[in-house]
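Step one of this worksheet: look at the structure below.
The numbers here are math on the coordinates, done by the rules we state, and not lab data. All figures in this text were calculated on a predicted structure; none of them were measured in a lab. So basically every Cβ, Gly included, is an ideal-geometry build from the backbone, and we count neighbours across all protein chains shown.
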Amino acid sequence: MRKILYFLLICALGIILITGLDNWGEFKEDGQFKEKFNARKCPQLEIFPIAKLEWNQLIKLELVEIKPPPPNAAQVNGLPGPKYYPVRPFLETFTSPSGLASIVDRGNGKTMPIVILVGKTTRVIPLLQSPLNASARSDGGVWAVTNQSSLSHYDSTGGWKQTVKLPGARIVGVEEDAVWVLSLDQAWFVSTNGNVRGPYPWTGFLGSAGSKQALCQLEGDAIRRVQCLEPDGRKHYVPLSLPQTLTGKLLSFTDNQILTGNLVGDEFGYDNTEGVSANMTIDNAGLTPSGDVFVSVRTDDNNSAEVCTNNGLSQGFSIKYEHSPLPFPLKLSVVAVEGERTLVYGFDRAVWYDGSRVESRFTVNDRRYRNDIFPHLWHISSVTTKSNDRTVIISTTGPTGMALIGLRWHP
């Protein structure tokens, strides 16, 4: 399930609307919140824009209307917020040593038959079928998985070159324009010319990363080492002298440091052999009306977020949802930064800040979501990492277009 659909399902669908906001304790004592907030994350982050795709240039803005699932479908009952809402197209981006390749979801889980290559220029490559994922090639072309048994190579103009039939649904791009094709329990190496080696036993479907031409993953949750699979089927291991056991999926590593993440992609862990260990959760990201980049990250108490911009400014806001109607905690999110104003929203609750002062707060139903939230809303659609330099690549969608944002973390 695409991350943005998951977010909107959690934030928008439900059958209980909380109509009174007098119990929003987190917004009543702004001075107290400001005093206890201590910026910790922004100085560790280097944030920069990579690309912006304005609506109706490369990609046409066509909204999709989302409706609640039927009563017999699996769903979480009791989520407050709107039941019917519009969704914009969004990107899912994949990294390889040869560059960045993005596919475009229409907003309803169906992808467009194109791949967007992002580099010095941004290009659209038309495909014969809609892709599941993609990997950029240094010759200007692209590898694309178009169904669960078809890996295809297209040139820089969209001309079809070849198709390799393999029962995998995920690819990991590695050096020399090669890719690994993964199923739940096997892996195949495909060279730049389409020559196949394998299958090899491999269980790292969601937790694998490339290293040179090898495919690597953490070896279990209790062992401090990385397991790598070479194109000829040989395995080797990289021991890591770390102070704690690692969990999650492997994103990137060297001999003295490692970056891990969760399956959703917004929580990161950094560890090195000198004893440094840190965690970071990305709350959201987007663009301001002036074109600056903002990224909000959760602070250590997980109830507030620090908004960082590429011009060096930072400010903290509460994202705590008081008095949840459900037995598990809910969170708000920073969804727009417009000059001195910041919009925090989640489920049925929204607050506009002017600086650190509450400008307005209101209950969000279907109508108010369309009129007062959606015209401002930015939200992350995917997060990935370049394995060679630990750069985090954030894909986001919003009122003016879709964007790719780069983030380097220096804990």
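Can you tell me the length gained on complete extension of the stretch Asp366 to Arg234, counting 0.36 nm per residue apart and subtracting the Cα distance?
Extending this stretch completely gives an extra 41.9 nm.
Kindly identify the chain as rounded, prolate or oblate by the Cα gyration tensor criterion: order the square roots of the eigenvalues as a ≥ b ≥ c, call it rounded if a/c is under 1.5, otherwise compare a/b with b/c, prolate if a/b is larger, else oblate.
Prolate.
Sort Arg88, Arg357 by Cβ crowding within 10 Å, fewest neighbours at the top.
Arg357, Arg88
Mean-square fluctuation check for the chain, GNM, Cα pairs under 10 Å: which of Asn371, Asn303, Asn279 is largest?
Asn371
Could you tell me the relative contact order of region 219-371? Use alpha-carbon pairs under 8 Å, at least six residues apart, and round to a whole percent.
Numbers: 286 pairs, mean separation 15.1, N = 153.
Relative contact order comes out at 10 percent.
Given R₀ = 41 Å, FRET efficiency for Leu128-Lys67 by Cβ-Cβ distance, to 0.05?
Step by step, r from the Cβ atoms, then E = 0.85.
With angles folded into 0 to 90 degrees, how steeply does helix 3-12 sit against the dominant principal axis of the chain? Use alpha carbons for both and round to 10.
Long axis of 3-12 versus the principal axis of the chain: about 20 degrees.
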